[in-house]
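Participant: Dropping the structure in here first, questions after.
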Amino acid sequence: MPQRDARFIVLEGLDGAGTTTQAAKLHGHCTQRGIPGFVTNEPTSGPIGAFIRRLLTSQEPGPDGSPYRPPESSMALLFAADRLAHSREIHTHLDAGEHVICDRYVFSSLAYQTLDAAIKPEWVVAINRGCAVPDLTIFLDVPVDVCLERLSRRAGASAIYETKELLEAIAKNYATLFRTYEKEYGRVVRLDGTRRVDDVQAEIVKAAQLD
């Protein structure tokens with residue numbers, strides 16, 4: 001059993017919404033106050049997650065040498081496999097009394113992999129059975145155009161989903177899947193992610209009850 005009131009907190013949103021920045025800042029907030037915390041992300045840095053990252057950045061060659069782009073059903077299964085392995089690590093930290101802060105989780109799989117209309121949310125939920133369930137999910141609400149502008153300033157390779165057309169479709173999926181996600185994975189707090197970074201952080205700390 002956890003040694004104290006350790007919670008599993010997830011940050012969600014579109015590419016460019018600021019989830020990575022805010023996960024790191026929330027962890028920093030915990031560290032500064034002597035609150036045990038562990039920050040993590042998906043895809044993970046494990047073997048499955050590393051393979052997913054190569055796929056997301058078009059760095060994994062296919063049989064013909066061109067970037068391999070598997071169907072969304074395969075991506076969903078890869079993310080689920082990475083997540084189930086990740087959940088063991090999450091539970092280890094929770095059991096040690098550490099708050100776990102995760103940049104992306106199941107809500108991302110629901111919103112991104114259902115870009116393929118043949119993939120039903122219920123199937124995504126089913127393949128993720130057994131994963132750690134968050135105590136709180138915080139969704140950073142940022143318009144697509146703002147996300148794209150932020151992404152244009154970011155160094156590194158672009159991910160396959162970072163186009164206006166795809167992000168608009170993903171944003172619609174997030175909006176329509178809130179109820180499905182909350183039914184399976186608990187409460188979601190929706191915050192305006194367009195404000196100053198420190199103002200967003202203050203709202204996240206308040207929502208997470210870590211102040």
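Since every read-out is calculated from the coordinates, none of them should be taken as a lab result. Given the structure is predicted, the values throughout are model-derived calculations rather than measurements. We place every Cβ from the backbone using ideal geometry, glycine too, and count neighbours over all the protein chains shown.
Participant: Using a cut-off of 14 Å between beta-carbons, work out the net charge of the residues near Leu191 (Lys and Arg +1, Asp and Glu -1, Leu191 not included). Write down the numbers at each step before the final one.
Facilitator: Working: positive: Lys25, Arg187, Arg190, Arg195, Arg196, Lys206; negative: Glu12, Asp141, Asp192, Asp198, Asp199, Glu203.
It works out to a net charge of 0.
Participant: Here is a further query. Projected area of the stretch 1-120, taken from the Cα convex hull and averaged over every viewing direction, in nm²?
Facilitator: 8.5
Participant: Follow-up. Bin all alpha-carbon pair distances of the stretch 8-208 at 5 Å intervals from 0 and give each bin's fraction as a whole percent.
Facilitator: Histogram of Cα-Cα distances, whole percents per bin: 1, 7, 16, 20, 22, 18, 11, 4, 1, 0, 0.
Participant: Report ³J(HN,Hα) in whole Hz for each residue of the stretch 123-133, in order, from the Karplus equation J = 6.51 cos²θ - 1.76 cosθ + 1.60 where θ = phi - 60°; Gly and Pro get x.
Facilitator: So the Karplus estimates, Gly and Pro as x, are 5, 4, 4, 4, 6, 9, 4, x, 6, 4, 9 Hz.
Participant: Could you work out the relative contact order of the chain, using alpha carbon pairs under 8 angstrom and six or more residues apart, expressed as a whole percent?
Facilitator: Numbers: 319 pairs, mean separation 68.4, N = 211.
Answer for the chain is 32 percent.
Participant: Specify the angular offset, from 0 to 90 degrees and rounded to the nearest 10, of the alpha carbon long axis of helix 47-56 from the longest principal axis of the alpha carbons in the chain.
Facilitator: Between the helix axis and the principal axis of the chain, the angle is about 60 degrees.
Participant: Suppose R0 equals 22 Å; then what is the FRET efficiency for Arg33 and Asp198 from their Cβ-Cβ distance, rounded to the nearest 0.05? Walk me through the numbers on the way to the answer.
Facilitator: Details: r = 16 Å, r/R0 = 0.72.
Efficiency computed from Cβ-Cβ geometry: 0.85.
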